[in-house]
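**Student:** Pasting in a structure now, in structure tokens, and then I'll have a few things to ask.
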Amino acid sequence: MKKFVFFPLWKIEDVEKYLESMEQKGYRLEKIKHAYFFYFKESIPKSMCYFLSYKSFRGRSMEHCDYALLSEHSANPIKSKMCFYTMYRTKAHKENLSLLYEVRLDYIKTKLLENALISLFLTVLFSAIAFLDIITRWSYKGIFLFTPIVGICVYLATYYFYGYFKQKSKCKNYEHDNFNS
């Protein structure tokens, strides 16, 4: 069975819960193609834990997560093609993976902020180029060329800043829940 599952970076936990529920219904994730096409096969219903390890421009912290999943928690990586992440399936309970979740929360928060700042920089850069084109040539052709580009950059900056603040509040809630219990 093939399913299209779209998710933003700050909704990774929802995808993991979805995969765990599919596993309990008797559909095991077999492979992932192009990041959002999930292929399932029928299997015996089991209680398994899924962990998504983000790998775009990897930092050392996520490499340590991968190593810990493979060595300490005997996780199995799911076959994937053209993905920006690695999905793992393990029998370990979520409580045993709490440190890995914490590392991933911070790592994704950092990546979202990076992407937001890059998008903001590109917005300012393309706006400045369009403005300079108007001033130097007294022509409005630059507006027609750069307006869609600036619009896309503004959209991306907004999208990533929104994700950053969602992830930041998720980190605060995670810390609050773990330190109060």
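The values are calculated or read from the model by the stated rules, or taken from the named source; none is laboratory data. The shown structure was predicted, so the numbers you read here are calculated from the model rather than taken from an experiment. Cβ placement follows ideal geometry from the backbone for every residue including glycine, while neighbour counts extend to all protein chains displayed.
**Student:** Kindly indicate which of L97, L125 is part of a helix (DSSP H, G or I), out of contact with any Gly (no Cβ under 8 Å at 6 or more places or on another chain) and surrounded by 17 or more Cβ atoms within 10 Å (Cβ to Cβ).
**Tutor:** Selected residue: L97, the only one of L97, L125 that is part of a helix (DSSP H, G or I), out of contact with any Gly (no Cβ under 8 Å at 6 or more places or on another chain) and surrounded by 17 or more Cβ atoms within 10 Å (Cβ to Cβ).
**Student:** Criterion first (modelled with pLDDT of 80 or more and either under 28 Å from S47 (Cα atoms) or within 21 Å of the chain's Cα centre (by Cα) (or both)) does L125 satisfy it?
**Tutor:** Spelling it out, it is not the case that L125 is modelled with pLDDT of 80 or more and either under 28 Å from S47 (Cα atoms) or within 21 Å of the chain's Cα centre (by Cα) (or both).
**Student:** Sticking with this structure for a sec: Where the second residue is among the aliphatic types (A, V, I, L, M) and not in a helix (DSSP H, G or I) and the first is surrounded by fewer than 15 Cβ atoms within 10 Å (Cβ to Cβ) and lies in the stretch 1-27, which pairs have Cβ atoms under 8 Å and are six or more apart or on separate chains?
**Tutor:** Close Cβ pairs (under 8 Å, with a partner that is among the aliphatic types (A, V, I, L, M) and not in a helix (DSSP H, G or I)) amount to G26/I44.
**Student:** Are any residues in the stretch 28-64 modelled with pLDDT under 75 and surrounded by 17 or more Cβ atoms within 10 Å (Cβ to Cβ), and if so, which ones?
**Tutor:** Answer for the stretch 28-64, where residues must be modelled with pLDDT under 75 and surrounded by 17 or more Cβ atoms within 10 Å (Cβ to Cβ): just M62.
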